[in-house]
1. Anything in segment 136-164 that is touching a Cys at 6+ places or on another chain (Cβ under 9 Å) and over 11 Å from I185 (Cα atoms)? List them, or say none.
2. Looking for whichever is surrounded by fewer than 17 Cβ atoms within 10 Å (Cβ to Cβ) and either out of contact with any strand residue (DSSP E or B) (no Cβ under 9 Å at 6 or more places or on another chain) or touching a residue at least 60 places away in the same chain (Cβ under 8 Å) (or both) here; the options are K214, K142, K188, K230. Which one fits?
3. How many residues are more than 24 Å from M175 (Cβ to Cβ) and open to solvent by 20 Å² or more (accessible area, probe 1.4 Å) when one looks only at segment 346-376?
4. Cβ-Cβ under 7 Å, sequence separation 6+ or interchain: first residue in segment 8-19 and open to solvent by 40 Å² or more (accessible area, probe 1.4 Å), partner at pLDDT 95 or above and outside any helix (DSSP H, G or I). Which pairs?
5. Within segment 195-211, how many residues are over 23 Å from I154 (Cα atoms), of a type in the set (A, V, I, L, M) and surrounded by fewer than 18 Cβ atoms within 10 Å (Cβ to Cβ)?
6. Looking at I268, I280, can you tell me which residue is of a type outside the set (G, A, S), open to solvent by less than 30 Å² (accessible area, probe 1.4 Å) and not in a strand (DSSP E or B)?
7. Which is within 20 Å of R270 (Cα to Cα), of a type in the set (D, E) and outside any strand (DSSP E or B), of E347, E363, E315?
8. Only one of L327, L293, L302 is in contact with a Pro (Cβ under 8 Å, 6 or more places away or on another chain), touching a residue at least 24 places away in the same chain (Cβ under 8 Å), more than 19 Å from V176 (Cα to Cα) and not in a loop (DSSP other than H, G, I, E, B); which?
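The values are calculated or read from the model by the stated rules, or taken from the named source; none is laboratory data. Small disclaimer: the values here were computed from a predicted structure and weren't measured. Reconstructed Cβ throughout: ideal geometry from the backbone, glycine too, with neighbour counts over all protein chains shown. To get the accessible areas, we keep the full protein, side chains included, count just its heavy atoms, and leave off ligands, DNA and RNA. Shrake-Rupley method; radii C 1.70, N 1.55, O 1.52, S 1.80 Å.
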Amino acid sequence: MSLNFTVTKNDFLEGLNSLQNITNKKGTLAIISNVLIESTAGGILLTGTDLEVGLRLFVQAEIKDEGSLTLPAKKIFEIVRESGSENISVEETENSWVIIKAGLSTYNLAGMASEEFPEFPEYQQDSFISVECHIFLELIEKIIYSVANEQENIYSLTSVLFEKEKIGDSFFLRMVSSDGHRLSIMQKEVAANLDAMVLNEVTLIPKKGVQEWKKFCETRDTIDISFEKKQLVIRDNQAVMVIRLKHGEFPQYSAIVDAVQLSNCLKINRLPFLDSLKRINLFTEDIFHTIQLKIDKDKMILLSQNADLGNAKDEQIIEYDGEPLTLGFNCRYFIETLQVMDGETVEAYINSNSSPCLMESEEDKGFISIIMPMQL
């Protein structure tokens, strides 16, 4: 049978928009840049996948003829977005072509047969736990910026480590990321009972999956979540997302944290420090963003130099009574960390001139950032 349906622009556009980041990836299979559209009771199912992340969601529609086909995800999204009509009709003709009517506009669009589309992963129905979305949004926001890019040689650093821990009667969820030059840790207490959540010994979620997980949570209050051996499943009553887990080792991050002695402390006003870093970054070299920090009693001087442009100097008042320190750091790492932190005051711990810097705040419970130094 040939698919034929009518749908409201806003509902269709919202569904197609949710799939754009997944379907726009260039892959070896041409069909994964398409969205699979299937008729179902009361509407249509939209499915997109890049073989790492799969998303299927329900959109209410009037079904005139049942069927299924795939259409170019980006082009159908653009057509619907630019449409001036409140209602859009899609009718399949021969050879997977469709006629799309929106008001006075008519489009002929070439699709591909649905039989070639990858099967949506099966998953267990009985192992889900309901968790409030704000928990995951805060976890992800605090660590996503320091995940390594795909070009990174250490495969596991392109993923986020996910852990749970029971401390007393309380459950905590933790996310950890590192690109080899910095480390971000965020931990949140969860009201839900997590006894039924079974994780792998090392549970690694790819960066793309974490980004799509965040997007999934942004429009919802609560989601159901289930970890299986090879995949993470997230759902509510309208949509389901399956993220393929990665396998490998992750750095022993707790040993890195323990190596920083929490004795030599600088107390810094977060926003003035952030503004100072943005100013000083104007004169760093593009690749490494190297700056020099000169720390003395209650004062920190920030210095940067660019061979082609010149140099810059900035000064910050801090609370510090330790030995004088001179250190080199990547300025951008500090900026990105301070941008996700909460609170007015940041505590920074640095043991020596060649030591990493550990940052945390009493007003930002559960968050720790460690930035490795650079050679000056």
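1. Scanning segment 136-164 gives F136, L137.
2. On inspection, the qualifying residue turns out to be K214.
3. Filtering segment 346-376 down to residues more than 24 Å from M175 (Cβ to Cβ) leaves 350-355, 373-376.
Of the ones still in play, those that are also open to solvent by 20 Å² or more (accessible area, probe 1.4 Å) are 351-354, 373-376.
Of the residues in that region, 8 qualify.
4. Qualifying pairs under 7 Å: T8/E86; T8/N87; D11/V59; D11/Q60.
5. The qualifying residues number 2.
6. Going through I268, I280 in turn, the sole match is I280.
7. Residue meeting the stated conditions: E363.
8. Details: L293 fails: in contact with a Pro (Cβ under 8 Å, 6 or more places away or on another chain); L302 fails: in contact with a Pro (Cβ under 8 Å, 6 or more places away or on another chain).
Matching residue, one of L327, L293, L302: L327.
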